[in-house]
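Please read the structure below before turning to the comments.
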Amino acid sequence: LPGSVGRWLRRHPTLADAGLAAVVMTLNIPLGLCYMAYDGFPDAPALAAVTVAAWLVCGGALALRRRWPVAAWLITLLVPALHEATGALVFHTSPEQSSYVSSTLSVVILLGLPIMLGTLAVRLRPAATWVAWLVSTALPGGTQVYFENYTGAQVGTAFLVVALINAIGVLVGLNARSLRLRLVELEARSSRMVLAREQSALLAAATERSRIAREMHDVVAHSLAVMITMADGAAA
């Protein structure tokens with residue numbers, strides 16, 4: 001970002017990431033409260049505690065994404081899947097109820113995970129990033145299909161939506177990586193130019209000192225020759 005806001009964000013990257021994590025987690029709160037009002041939901045308070053714990057873990061991963069990008073990505077990827085699996089296997093939620101459980105971390109999947117992929121794209125090679133994109137598409141989509149009993153067109157839609165959103169994160173990250181590499185190249189080129197100028201200046205100074213030394217040598221030699229000639233003439 002330009003201006004003072006951009007400068008502040010560049011000086012305080014961890015605080016900026018923590019603020020972003022807080023926004024993502026806050027957007028999950030209305031969705032997280034939906035299932036508590038759902039009639040017949042099994043043991044809603046206990047599952048709500050599990051959901052809050054998942055929010056905190058994912059929020060911490062988002063806040064530390066630039067310090068430990070791979071670990072943060074794995075946490076953001078696995079926690080929503082484990083959360084939905086816990087609802088189905090421990091609390092015995094029905095497929096319809098599992099969709100409510102999944103929605104409590106939907107912002108993490110639809111916003112937090114692409115942000116993580118963008119961070120990976122900046123730090124890792126493109127091939128590794130696209131592998132992460134494939135895994136990030138397969139696991140959330142597969143979890144929804146399995147626990148929520150998707151059929152027919154729902155299966156394709158589940159994978160397609162996640163794939164497209166994750167691809168946006170990867171492409172944004174790759175663009176940032178390209179800009180960063182270009183900046184590094186420009187800085188290296190500028191350093192080489194400064195070094196070349198310094199070497200040219202040193203070479204020019206050495207050449208000038210050599211010229212002055214030769215001229216002084218010639219002047220002294222000429223002066224000595226004149227003095228010797230004058231001394232010879234006086235002696236004669």
Looking at VAL135, VAL172, which is the one that is in a helix (DSSP H, G or I), within 30 Å of ALA88 (Cα to Cα) and touching a residue at least 40 places away in the same chain (Cβ under 8 Å)? VAL135
Would you mind stating whether VAL145 is closer than 30 Å to ILE115 by Cβ, free of Cβ contacts under 8 Å to residues at least 12 places away in the same chain and either part of a helix (DSSP H, G or I) or polar (S, T, N, Q) (or both)? no
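One line per residue, one yes/no per condition, for (1) β-branched (Val, Ile, Thr); (2) farther than 20 Å from TYR146 by Cα:
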residue: ARG67; (1), (2): no, yes
residue: LEU77; (1), (2): no, no
residue: THR86; (1), (2): yes, no
residue: SER102; (1), (2): no, no
residue: SER106; (1), (2): no, no
Taking the conditions exactly as written (farther than 30 Å from LEU134 by Cα and of a type outside the set (Gly, Ala, Ser)), does ARG211 satisfy them or not? yes
Hey, ASN28 hits all of (1) open to solvent by 20 Å² or more (accessible area, probe 1.4 Å); (2) modelled with pLDDT under 85; (3) within 30 Å of ALA176 (Cβ to Cβ) but one; which does it fall short on? (1)
Determine which member of the set LEU124, LEU111, LEU89, LEU134 is at pLDDT 85 or above, more than 31 Å from the chain's Cα centre (by Cα) and open to solvent by 10 Å² or more (accessible area, probe 1.4 Å). LEU89
Taking LEU179, is it over 21 Å from GLY87 (Cβ atoms) and modelled with pLDDT under 90? yes
Scan the stretch 157-167 for residues that are open to solvent by less than 40 Å² (accessible area, probe 1.4 Å) and at pLDDT below 90 and jot them down. ALA158, VAL162
Would a scan of the stretch 68-85 turn up a residue that is in contact (Cβ under 8 Å) with a residue 12 or more places away in the chain, open to solvent by 50 Å² or more (accessible area, probe 1.4 Å) and closer than 18 Å to ALA176 by Cα? yes
Look at GLN154 and say whether it is free of Cβ contacts under 8 Å to residues at least 24 places away in the same chain, open to solvent by 30 Å² or more (accessible area, probe 1.4 Å) and in a helix (DSSP H, G or I). yes
For the stretch 34-45, does any single residue satisfy the condition of being open to solvent by less than 30 Å² (accessible area, probe 1.4 Å), among the small types (Gly, Ala, Ser) and at pLDDT 85 or above? no
Quick check on GLY118: is it touching a residue at least 12 places away in the same chain (Cβ under 8 Å) and either under 24 Å from VAL50 (Cα atoms) or surrounded by fewer than 22 Cβ atoms within 10 Å (Cβ to Cβ) (or both)? no
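The values are calculated or read from the model by the stated rules, or taken from the named source; none is laboratory data. As the structure is a computational prediction, the values presented were derived from the model and not from experiment. Note that we place each Cβ from the backbone using ideal geometry, even for glycine, and neighbour counts take in every protein chain shown. Calculation scope for accessible area: heavy atoms of the full protein, side chains included, ligands and nucleic acids excluded. Shrake-Rupley method; radii C 1.70, N 1.55, O 1.52, S 1.80 Å.
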